[in-house]
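K.L.:
There's a structure below that I have some questions on.
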Amino acid sequence: MFGRIFLTSALLFSSLANALTIDSMYLVSDDRGNSIISLTNDLEQTSFVNTYISELTTDEKGNIIRNKYTEENFDDWKIITTTPRLIIEPGVSKDIGIRALCDPDSCAYDKDLMFSIVFEPSPYFEDSVSSQSSVMINYGYASLFIIPAKNQNISYTLVNRGEYILARNTGNTLLNLVIDQCSSIVKNNCRVTERLLSGRERQIKLPDHFKRDKIEVKIYNHDESYKGKQLLDLIN
């Protein structure tokens, strides 16, 4: 249900047409903490792609703290990519594995492990071609990668403020929030989907046609083993 929904969070960048594309901007690991992501080069020239990993945590105020993985903090790494640097020819897709370096049963026991994996493309030049003869703007592309908490605690508060839904995830695992006003008559622009990281508080802005005195919100965890529903009365 949520496999290919794009995040609106400022945490991530959207992929652009005629550029590097990612098959999923949101990944949940398997039981061993592993996953696979596919990159496709839609450019007309070969791209050299670097990958960068940042571990994400939240402070007491719900702000995101990024800890970028470097050689200096290698001992603290919890995941790696199988191919941190790769060359992708035009029109070619390549898979990159994501591997946990710790046992998820212990390192993700009481809270999600959260990561931003950034893919940064740049032109690839053969030795005989000068890089100075080409100009290209590089964009970053990122996926959110989650190793779910082994012992999940679902806890949240939702408030209908009219212009927006005030949502706070007080539990230890990511939540998917869905406001669905689709019907047999209304089929377009009728669903709002947001992901809320553990410890985060967000204002989910509502389109004008969503603003009502009563709004139903559905809540799911990553694999929909938890399904909740709340009818929110307007609170000014």
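Derivation of every value follows stated rules applied to the coordinates shown; laboratory data play no part. Keep in mind it's a predicted model, so treat the numbers as computed, not measured. Counting neighbours? That spans all protein chains shown, and the Cβs are built from the backbone with ideal geometry, glycine included.
K.L.:
Given springs between every Cα pair under 10 Å in a Gaussian network model of the chain, which of LEU144, LEU101, LEU56 has the largest fluctuation?
P.N.:
LEU101
K.L.:
Once you charge only the Cβ atoms, +1 for Lys and Arg and -1 for Asp and Glu, what is the size of the charge dipole of the chain about its Cα centre, to the nearest 20 debye?
P.N.:
So the dipole magnitude of the chain works out to roughly 1060 debye.
K.L.:
Convert each backbone phi in region 143-154 into a coupling constant with the Karplus relation 6.51 cos²θ - 1.76 cosθ + 1.60 (shift: θ = phi - 60°), then list the ³J(HN,Hα) values in order as whole Hz, x for Gly and Pro.
P.N.:
Once θ is set to phi - 60°, the couplings for region 143-154 become 10, 8, 10, 10, 9, x, 4, 5, 10, 7, 10, 8 Hz.
K.L.:
Ok, one more. With the crude spin-label approximation of a point 7 Å out along Cα→Cβ, what separation in nm comes out for SER106 versus GLU44?
P.N.:
5.4 nm
K.L.:
Same structure, new question: Counting other C-beta atoms within 10 Å, which of TYR26, TYR52 has the fewest, and how do the rest follow?
P.N.:
Ascending number of Cβ neighbours within 10 Å: TYR52, TYR26.
K.L.:
Most exposed first by the Cβ proxy, i.e. fewest other Cβ within 10 Å, how do LYS227, LYS94 rank?
P.N.:
In increasing order of surrounding Cβ atoms, one gets LYS227, LYS94.
K.L.:
Related question: I need GLU44, GLU55 ordered by Cβ neighbour count within 10 Å, fewest first.
P.N.:
Ranked by crowding around the Cβ, least crowded first: GLU44, GLU55.
K.L.:
What are the radius of gyration and Dmax of region 156-233, computed over its Cα atoms and given in Å?
P.N.:
That works out to 12.3, 38 Å for Rg and Dmax.
K.L.:
Output the pairs from LYS111/LYS211; LYS78/LYS111; LYS205/LYS229; LYS78/LYS150; LYS111/LYS214; LYS94/LYS150 with a Cα-Cα distance over 24 Å in this structure; if there are none, say none.
P.N.:
LYS111/LYS211; LYS111/LYS214; LYS94/LYS150
K.L.:
Please work out the FRET efficiency for the pair ARG32 and GLN203, using the Cβ-Cβ distance as r and a Förster radius of 30 Å; give the result to the nearest 0.05.
P.N.:
Rounded to the nearest 0.05, the efficiency is 0.25.
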